[in-house]
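Every number here is computed from the coordinates shown, using simple stated rules; none is lab data. As the structure is a prediction and not an experimental result, all values here were calculated from the model. Cβ: placed from backbone, ideal geometry, glycine included. Neighbour counts: every protein chain shown.
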Amino acid sequence: MSEVSSLTGRLLVATPALADPNFDRAVVLLLDHDEEGSLGVILNRPTPVGVADILESWAALAGEPGVVFQGGPVSLDSALGVAVVPGEGHGKTGSSSVAVGDGPLGWRRVHGAIGLVDLEAPPELLAAALGSLRIFAGYAGWGPGQLEDELVEGAWYVVESEPGDVSSPDPSQLWRAVLRRQRNELAMVATYPDDPSLN
């Protein structure tokens, strides 16, 4: 699959037609998308579990709300860290001593300034470089061609991500906010009622 057709780094925004309760009004950041399938995390599913409760050493770096997010229905017992590194992805080279090649040690670029954090690394290694960190339990996964089929069925809108999406302080409003900023008919979908039968 060519780089152009990869959706890595883009957002999948659930359409009102998507019937799967796992993805109702979900905003998914695609971390990987190629011919072998797709993997992403749901950005707007906070849990009541604090980051300090499961990864105490990373809690100080986690953005508000400082809770673990449910990244998707797959591997709920595994944790993924997604972080924004300010100044990355814009052609700037940081003067940070921890920067090695493509961003700081312990961080792997996904798209622009957004990347995955190695949660096995010592947090102090990344503390100075990270702009915001979010911890996800589980992820959303699609097998080869599965996501493409869902796109054809109209289950998802594909839109550009912004670094602020990863660390939105009000995740409950992210679905509407992402749609509202689109410059086409998608902005109107943001007004879709939570329960159309009450309209």
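Which whole-Hz couplings ³J(HN,Hα) result when phi for each residue of region 50-55 is put into the Karplus expression 6.51 cos²θ - 1.76 cosθ + 1.60, θ = phi - 60°, listed in order with x for Gly and Pro?
Using θ = phi - 60°, the values come out as x, 4, 4, 6, 10, 9 Hz.
Which part of region 128-159 falls in the paramagnetic zone of Thr191, meaning amide N under 18 Å from the point 7 Å along Cα-to-beta-carbon?
No residue qualifies, since no backbone N sits under 18 Å from the label point.
Quick one: which residues, 5 or more positions from Leu31 or on another chain, have an amide H under 5 Å from its amide H? H modelled 1.01 Å from N in the peptide plane, none for Pro or chain starts.
Excluding prolines and chain starts, which carry no amide H, the hits are Gly9, Leu39, Gly40, Val41.
Find the centroid of the Cα atoms in region 117-180 and in region 1-70, then give the distance between the two in whole Å.
If we compute the Cα centre of each part, the gap is 4 Å.
Tell me, what is the percent relative contact order of the chain, built from C-alpha pairs under 8 Å that lie six or more residues apart?
27
Between Ala19 and Asp53, what is the FRET efficiency for a Förster distance of 41 Å, r being their Cβ-Cβ separation, to the nearest 0.05?
0.80
Under the 0.36 nm per residue contour assumption, what length would be gained going from the current alpha-carbon distance of Glu124 and Asp77 to full extension?
14.5 nm
Can you find, among Tyr192, Gly37, Asn22, the residue farthest towards the positive end of the dipole of the chain? Put +1 on the C-beta of Lys and Arg, -1 on that of Asp and Glu.
Tyr192
Please compute the length gained on full extension between Arg109 and Gln182, using 0.36 nm multiplied by the number of residues separating them and subtracting their Cα-Cα distance.
Extra length from Arg109 to Gln182 when fully extended: 23.8 nm.
Under a plain spin-label model, where a point goes 7 Å from the Cα along Cα-to-Cβ, how far apart in nm are Ala60 and Glu35?
Modelled inter-label distance: 4.7 nm.
Amide H neighbours of Gln70 under 5 Å, at least 5 residues apart or on other chains, H built in the peptide plane: list them.
Sorted by chain and number, the residues that satisfy this are Arg45, Thr47, Ala137.
Skipping prolines and chain starts, which residues have an amide H placed within reach, meaning under 5 Å, of the one on Thr15, given they are 5 or more residues away or on another chain?
Trp156, Tyr157
Could you estimate the translational diffusion coefficient of the chain from the Stokes-Einstein equation, with Rh from the Kirkwood formula over C-alpha pairs, at 4 °C and 1.567 mPa s, in whole µm²/s?
The Stokes-Einstein estimate is 74 µm²/s.
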